[in-house]
Structures are given as C-alpha cells and as structure tokens.
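**Q** Below you will find the structure I want to go over with you.
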Ligand code: SF4
Ligand code: FES
C-alpha cells in the first residue's frame, strides 16, 4: 500500500525557514520509517538529507521526530502509525543543519564535560580491571545508551535552558559515578552539583518515555541526585 510522509525540509543556504513537503511512497506495514525515507531519497528526491548508519538500532544516528515523538527511524515500523500523513521532523531543540540532520556538537560537548571515561586509582593492572557481576549489574542498563540524543531532544528542560547538561550526559555521568572501579566520585559530583547539572532535572520523565534502548533514564538521574544528597551536596 502507499503511505504519505510529510517531511520537514530546510536548507539554511537557500530557504528563509523550514517548510513541509509530502511524498507518497509504497510502504508495507513492516517497513521501517527509515526504509521509507530511503525510498524517497533514492526514488523521488535525492536532496532529502538525513543521517543514518547501522540501520539496526546500534549507532544512534537516525534520531528524529516521528509523529511528534523522538525516535530512531530504523526502529519504528509503518504499521505503528495510523495517521496519514506520517509527519517526520528533525529532533527538536537542536539547530537544523539540513532537513532531518541536526547539529549535535553541543550535545557531545556536554557528554565530554561529564568526563565519560573510567578514572580509577592505582597502577594500571596487567589485565583488565574486573568487577563483580553484582557491581556490573548496577550500570548494565546505562551502558546500553547509544547517544542517539532522543532523550535530550525530548526533555522540556533542554527546551527552556540550553546550558542544561541534559539526560544523555547525566546518564553517562551516572554510569561512571556508580562504577565500582571508578575512584573519582568527588570530582564527578563536583561536575554534577550545579543548577545546570543534575539539579536541572525536574523529573518530567520524557527521557524514559522516548529512550529507544528502554533505559529508565529518569530513575538513574534520581539515583544520582540521591547519591549527591547522601554526600551532603545539593541546593
Ligand atoms: Fe538515546 Fe536512550 Fe541514550 Fe538518551 S539514554 S541518548 S534516548 S539511548
Ligand atoms: Fe543506526 Fe538507526 S541507523 S540506530
């Protein structure tokens, strides 16, 4: 059957502002939204610009707003959408580079700001640093994050405050703060203990709602707040 896609188009080099263009495309119920967008690019309009790589929910590059919800185009099937047309827009709260591609430079700067690497103590061991299965289980869920930016784009605080670290960076901070092999708790808490840091989170929970890896981002951010409060930090 054919489905209609209403896609936001914007080329800052040519256009005064964003507009929409509709495309009719052959789409089976089990086709993914990404398949349909690629069909449009390949068969109708090669100027349509989007980001993708793995096409299997691993790389996190095809986050976009599909029917008003941040999602990975490679993980959503046509049959999930009853509305016609299906509206596809770039992730909100980021500058549009072109069409469905947004500028994620600031997103990755915030990610880097939380020092997303292990900071252990002592000599580097000859073999890997080990941890118990129980300790690993604490961070297992957070490790699934593929940095797709869907949570940060969907967060109402991101919309209000461009300096807010955002749920993806804060989740990465959780991943190291709660890693039994890490020894930089004080430094890490110092980075997070700020109005634009963990205290910027007001617990809306949009992050958890949209996460394509089913991570309970909000719960991990709440645990981070508790850890800071337990150590005498907080507003
Ligand atoms: Fe994407 Fe989920 Fe990671 Fe947020 S927490 S960046 S929504 S995978
Ligand atoms: Fe890699 Fe969708 S293209 S996650």
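The values are calculated or read from the model by the stated rules, or taken from the named source; none is laboratory data. Please read these numbers as outputs of a predicted model, since none were measured by experiment. Quick reminder, even Gly has a Cβ in these numbers, built from the backbone with ideal geometry, and neighbours come from all protein chains shown.
**Q** If a residue must be over 30 Å from residue 143 (Cβ atoms), in a loop (DSSP other than H, G, I, E, B) and in contact (Cβ under 8 Å) with a residue 12 or more places away in the chain, how many such residues does segment 14-46 contain? Explain how you work it out, then say what you get.
**A** So in segment 14-46, the residues over 30 Å from residue 143 (Cβ atoms) come out as 14-29, 31, 36, 39-46.
From what's left, in a loop (DSSP other than H, G, I, E, B): 14-18, 27-29, 31, 44-46.
Next cut, in contact (Cβ under 8 Å) with a residue 12 or more places away in the chain only: 18, 27-29, 31, 44-45.
Residues that pass the stated criteria total 7.
**Q** Test of understanding: among 183, 168, 137, which residue is within 15 Å of ligand 1 (Cβ to nearest atom) and either surrounded by fewer than 18 Cβ atoms within 10 Å (Cβ to Cβ) or at pLDDT 95 or above (or both)?
**A** On the way: 183 fails: within 15 Å of ligand 1 (Cβ to nearest atom); 137 fails: within 15 Å of ligand 1 (Cβ to nearest atom).
Of the residues listed, the single one that is within 15 Å of ligand 1 (Cβ to nearest atom) and either surrounded by fewer than 18 Cβ atoms within 10 Å (Cβ to Cβ) or at pLDDT 95 or above (or both) is 168.
**Q** Name every residue in segment 146-163 that is within 14 Å of ligand 1 (Cβ to nearest atom) and either free of Cβ contacts under 8 Å to residues at least 40 places away in the same chain or crowded, with 22+ Cβ neighbours inside 10 Å (or both), in order of residue number.
**A** Within segment 146-163, 148, 149, 150, 151, 152, 153, 154, 155, 158 meet the criteria.
**Q** If you don't mind, another one. Given the residues 52, 64, which is the only one that is within 16 Å of ligand 1 (Cβ to nearest atom) and under 26 Å from residue 156 (Cβ atoms)?
**A** On the way: 52 fails: under 26 Å from residue 156 (Cβ atoms).
The conditions single out 64.
**Q** Considering only segment 46-97, state which residues are in contact with a strand residue (DSSP E or B) (Cβ under 7 Å, 6 or more places away or on another chain), modelled with pLDDT of 95 or more, on the phi < 0 side of the Ramachandran plot and away from ligand 2 (no atom under 16 Å from the Cβ).
**A** Matches in segment 46-97: 85, 86, 87, 89, 92, 94, 95, 96.
**Q** Any idea which of (1) more than 10 Å from ligand 1 (Cβ to nearest atom); (2) surrounded by fewer than 15 Cβ atoms within 10 Å (Cβ to Cβ); (3) assigned to a helix (DSSP H, G or I) is the one residue 228 doesn't satisfy?
**A** It is condition (2) that residue 228 fails.
**Q** Are any residues in segment 58-76 surrounded by fewer than 17 Cβ atoms within 10 Å (Cβ to Cβ) and touching a residue at least 40 places away in the same chain (Cβ under 8 Å), and if so, which ones? Full working, then the answer.
**A** Looking only at segment 58-76, we keep the residues that are surrounded by fewer than 17 Cβ atoms within 10 Å (Cβ to Cβ), and these are 58-59, 68-69.
Once the filter is applied, which keeps residues that are surrounded by fewer than 17 Cβ atoms within 10 Å (Cβ to Cβ) and touching a residue at least 40 places away in the same chain (Cβ under 8 Å), segment 58-76 yields 58, 59, 69.
**Q** Still on this structure, I have one more. So which residues in segment 147-165 are out of contact with any strand residue (DSSP E or B) (no Cβ under 7 Å at 6 or more places or on another chain), within 16 Å of ligand 2 (Cβ to nearest atom) and assigned to a loop (DSSP other than H, G, I, E, B), if there are any at all?
**A** 147
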